[in-house]
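A quick write-up on the structure given underneath.
The values are calculated or read from the model by the stated rules, or taken from the named source; none is laboratory data. Predicted, not measured: the structure shown is a model, and the values here were computed from it. Neighbour counts run over all protein chains shown; Cβ positions are idealised from the backbone, glycine included.
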Amino acid sequence: MAWELLFSSDFGLMSFAVIVGVLVIGVVMGKLYANKMDDESRNAGK
């Protein structure tokens, strides 16, 4: 029932888009922060 509503209704699809968007933003920000921490640790070691 819930899966059908998520993928077949307008508000379900928009909710799914928001969920996917939040996950993508979280992954991108995590990678950016991880790269920034690596850069700072390399610069501190010099």
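Here are the numbers for the structure shown:
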{"read-out": "Breaking point among (1) exposed (fewer than 10 other Cβ atoms within 10 Å of the Cβ); (2) modelled with pLDDT of 95 or more, for ILE25", "value": "(1)"}
{"read-out": "Test: residue in the stretch 30-41 that is in a helix (DSSP H, G or I) and either touching a Cys at 6+ places or on another chain (Cβ under 8 Å) or loosely packed, with under 10 Cβ neighbours inside 10 Å (or both)", "value": "yes"}
